[in-house]
Ligand SMILES: NC(=O)c1ccc[n+]([C@@H]2O[C@H](COP(=O)([O-])OP(=O)(O)OC[C@H]3O[C@@H](n4cnc5c(N)ncnc54)[C@H](O)[C@@H]3O)[C@@H](O)[C@H]2O)c1
Ligand SMILES: O=C(O)[C@H](O)COP(=O)(O)O
């Protein structure tokens with residue numbers, strides 16, 4: 001039975017789903033070394049933001065097939081290492097959108113009405129109504145940095161509260177901004193014109209310290225800034241100085257450059273800052289959503305099905321996947337075949353998707369072809385996640401072409417590879433019952449199913465050759481299951497495809513090559 005490690009606290013609904021297909025171990029609070037020591041036992045890992053899945057952990061994860069992040073941000077996972085190792089990384093892109101947006105809105109209202117301090121004051125025995133005069137958000141300007149899922153919801157609610165919404169997001173269309181009633185502006189304008197600024201962008205190389213002393217200096221003296229996105233997007237030292245000197249109205253932070261927040265000058269500030277311990281996704285509803293979403297994906301991947309929200313392989317809708325699944329097998333088989341014919345050190349692979357496969361949704365067939373091609377060298381180390389990266393690292397030049405006009409067998413895949421044994425090309429298609437047929441070898445038409453052991457010869461189409469090869473195989477006690485010859489013109493060049501019951505014994509291939517008229521011969525195992 002597969003084993004799943006759950007190393008952060010996730011909702012029971014997720015554990016129930018995982019338990020249907022796997023042994024589930026819940027071990028939270030592990031150090032990097034502790035996690036590295038036990039990870040080789042596991043097929044899947046389920047985490048939230050607490051577990052740091054470092055390169056070291058991934059290196060040790062020899063059986064891991066999937067890392068499921070019960071939430072949005074995968075910045076705590078070394079995704080590049082996971083991809084290289086063929087581990088799928090999935091998340092729950094929408095499960096906590098509303099929770100995070102509502103937390104940002106709660107922060108905005110808490111700042112504007114001094115809720116945390118007023119609460120402390122009353123609990124401390126006071127009845128002070130003068131110190132907590134607030135300000136309304138109505139008719140104020142809200143600047144949303146990042147108009148993605150969370151930013152859009154914040155913008156909608158802000159709009160409903162009567163706020164004017166400015167937005168900065170270089171990747172969002174004017175049309176989308178118009179739909180949301182937002183005015184797209186550049187970051188400088190957003191900072192200088194907003195009364196409230198809320199961040200909803202990922203932490204990337206570009207966004208690290210995006211909000212720094214210069215941007216904070218552009219804010220209006222009473223303006224407030226909220227970060228419920230990721231720590232490290234605001235320079236915490238610059239924010240501390242700005243707040244300490246009273247240059248802006250306040251700040252509310254749910255996320256920090258280093259978490260859990262240790263000793264920090266931010267804790268010393270007074271009532272102009274609100275700090276929460278990364279609570280954006282912490283609602284009962286969001287935790288059920290993300291746990292179910294991610295557990296279902298882990299279950300599916302363990303059962304050999306695709307994941308719907310993989311961050312390191314393209315996600316496919318179920319209907320596209322349904323159409324492609326049989327062709328993935330075909331592409332992989334043909335990749336494996338052409339790779340064996342082309343020999344070692346394949347330099348290039350041309351993948352031509354024909355007929356109805358010639359649309360963009362068929363892209364995974366290119367990956368499947370690469371997986372097949374590399375399977376001889378990499379065996380089970382290559383999969384749909386790392387095939388493209390492994391091919392690139394080996395310097396394999398990939399050419400993809402599409403031709404919707406080629407309709408023989410209605411949908412077919414043509415692969416051409418160049419390797420140490422020269423240029424070889426194969427075409428394959430599916431019969432109505434889903435059976436694979438190899439339909440051409442090096443341009444010679446054939447119609448053969450793939451077989452575990454096969455022998456291909458290239459020869460002159462002259463009388464006697466087939467008989468000679470047949471008796472040679474007989475002498476070596478090789479049993480032929482099926483045989484077919486493909487030729488373009490009578491007495492020209494031809495290809496012979498033999499399916500045999502066992503691997504070809506040592507020494508037979510050189511004997512076949514000695515038969516007069518045989519120009520080349522290959523054994524293939526599919
Ligand atoms: N505090 C929490 O508990 C919590 C919960 C959920 C999500 N988050 C975080 O909130 C953030 C937003 O999540 P989301 O689901 O809305 O993501 P999303 O991908 O839907 O939206 C992110 C938006 O940021 C934009 N963007 C990217 N780079 C940008 C840049 N340099 N400048 C401006 N805009 C840029 C993108 O175009 C996109 O529209 C993420 O960092 C996520 O990890 C935090
Ligand atoms: O990216 C996210 O989904 C949030 O930061 C939530 O993190 P959490 O799952 O640790 O609460």
So, residue 131, is that one away from ligand 2 (no atom under 16 Å from the Cβ), assigned to a helix (DSSP H, G or I) and more than 23 Å from the chain's Cα centre (by Cα) or not? no
Those residues that are under 19 Å from residue 198 (Cα atoms) and either more than 15 Å from ligand 1 (Cβ to nearest atom) or surrounded by 20 or more Cβ atoms within 10 Å (Cβ to Cβ) (or both), I need them from region 75-101; list them, please. 96, 97, 99, 100, 101
Determine, yes or no, whether residue 297 is in contact with a strand residue (DSSP E or B) (Cβ under 9 Å, 6 or more places away or on another chain), modelled with pLDDT of 90 or more and on the phi < 0 side of the Ramachandran plot. yes
Go through region 141-161 and give me each residue that's surrounded by fewer than 20 Cβ atoms within 10 Å (Cβ to Cβ) and within 17 Å of residue 111 (Cβ to Cβ). 141, 157, 161
All but one of (1) in a loop (DSSP other than H, G, I, E, B); (2) crowded, with 22+ Cβ neighbours inside 10 Å hold for residue 261; state the number of the condition that does not hold. (2)
Residue check, residue 395 against (1) in a loop (DSSP other than H, G, I, E, B); (2) out of contact with any strand residue (DSSP E or B) (no Cβ under 9 Å at 6 or more places or on another chain); (3) crowded, with 20+ Cβ neighbours inside 10 Å, all met but one. Which one? (3)
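Residue-wise test of (1) within 30 Å of residue 435 (Cβ to Cβ); (2) assigned to a loop (DSSP other than H, G, I, E, B); (3) in contact (Cβ under 8 Å) with a residue 40 or more places away in the chain; (4) away from ligand 2 (no atom under 16 Å from the Cβ).
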position	(1), (2), (3), (4)
242	no, no, no, yes
256	no, yes, no, no
281	no, yes, yes, no
305	yes, yes, no, yes
321	yes, no, no, yes
325	yes, no, no, yes
331	yes, no, yes, yes
Subset of region 399-439 [surrounded by 15 or more Cβ atoms within 10 Å (Cβ to Cβ) and outside any strand (DSSP E or B)]: 406, 409, 421
Are there any pairs, at least 6 apart or on different chains, whose C-beta atoms fall under 7 Å, with the first in region 63-74 and within 16 Å of residue 385 (Cα to Cα) and more than 16 Å from ligand 1 (Cβ to nearest atom) and the second part of a loop (DSSP other than H, G, I, E, B) and modelled with pLDDT of 95 or more, and if so, which? 63/42; 63/43; 64/42; 64/43; 65/43
Taking region 210-234 on its own, how many of its residues are assigned to a loop (DSSP other than H, G, I, E, B) and within 15 Å of ligand 1 (Cβ to nearest atom)? 8
Within region 485-501, the residues that are surrounded by fewer than 16 Cβ atoms within 10 Å (Cβ to Cβ) and either at pLDDT 95 or above or over 18 Å from residue 462 (Cβ atoms) (or both) are 501
Return yes when residue 482 is assigned to a strand (DSSP E or B), free of Cβ contacts under 8 Å to residues at least 60 places away in the same chain and exposed (fewer than 15 other Cβ atoms within 10 Å of the Cβ) and no when it is not. yes
Among the residues of region 186-209, write down those that are free of Cβ contacts under 8 Å to residues at least 40 places away in the same chain and either part of a loop (DSSP other than H, G, I, E, B) or within 25 Å of residue 72 (Cα to Cα) (or both). 186, 204, 205, 206, 207, 208, 209
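Every residue, every condition in (1) closer than 18 Å to residue 441 by Cα; (2) touching a strand residue (DSSP E or B) at 6+ places or on another chain (Cβ under 6 Å), yes or no:
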| position | (1), (2) |
| --- | --- |
| 468 | no, no |
| 471 | no, no |
| 474 | no, no |
| 483 | yes, yes |
| 491 | yes, no |
| 496 | yes, yes |
| 508 | no, no |
| 511 | no, no |
Failed item in (1) buried (at least 19 other Cβ atoms within 10 Å of the Cβ); (2) free of Cβ contacts under 8 Å to residues at least 60 places away in the same chain, with residue 353 passing the rest: (2)
Of the residues in region 170-185, those that are in a helix (DSSP H, G or I) and either surrounded by 15 or more Cβ atoms within 10 Å (Cβ to Cβ) or touching a residue at least 24 places away in the same chain (Cβ under 8 Å) (or both) come to 176, 177
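The values are calculated or read from the model by the stated rules, or taken from the named source; none is laboratory data. Small disclaimer: the values here were computed from a predicted structure and weren't measured. Here Cβ is always computed from backbone atoms with ideal geometry, including for glycine, and neighbour counts include all displayed protein chains.
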